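Read the structure below first, then the notes.
No lab work stands behind these numbers, since they all come straight from the coordinates. Everything numeric here is computed off the predicted structure, so don't read it as measured data. All Cβ positions, even for glycine, are placed from backbone atoms using ideal geometry, and neighbour counts span all protein chains on display.
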Amino acid sequence: TCTLAITPTATSSRVLVLIQAKLGTSNDGFTAWADVIRASTVIGSGTGTTNIDCVSFAQGSPASAGNRSIMPADVCWLDEPDTTSATTYSLRVWAMSGSTVYVGRAGVTAATAYGDCGTSITLMEIAP
């Protein structure tokens, strides 16, 4: 998982969370879901009652990609943490039952044949 911390200078500050990730799944036609987490709280998600309704973002792999697809999972979220304490943000990912999600590479075993991709979190304080 990708994790980064920031310490806001004022409780009224906002934090711009930018995540650039690439996801792969071990099976064709499967979906990878991802959440942006502040400390232990999911942020930037829906308010539904199922996993599909409550994720920060999701990507599906093509049904015939041969586990070689690398799906973009990029997010930009303006958060209001309401604290001056160090605050940790991270990316949490999971896949549909029966599949595995990989961060930064395709879903094939020989991932190096298709290249690895960087994953990053950038945090910027937006002062009041």
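Within 15 Å, Cβ to Cβ, of V103, how many net charges do the neighbouring residues add up to if Lys/Arg are +1 and Asp/Glu are -1?
So the environment of V103 carries a net charge of 0.
Determine, for each peptide in 95-105, 13-23, the mean count of other beta carbons within 10 angstrom over its residues, then list the peptides with the highest first.
13-23, 95-105
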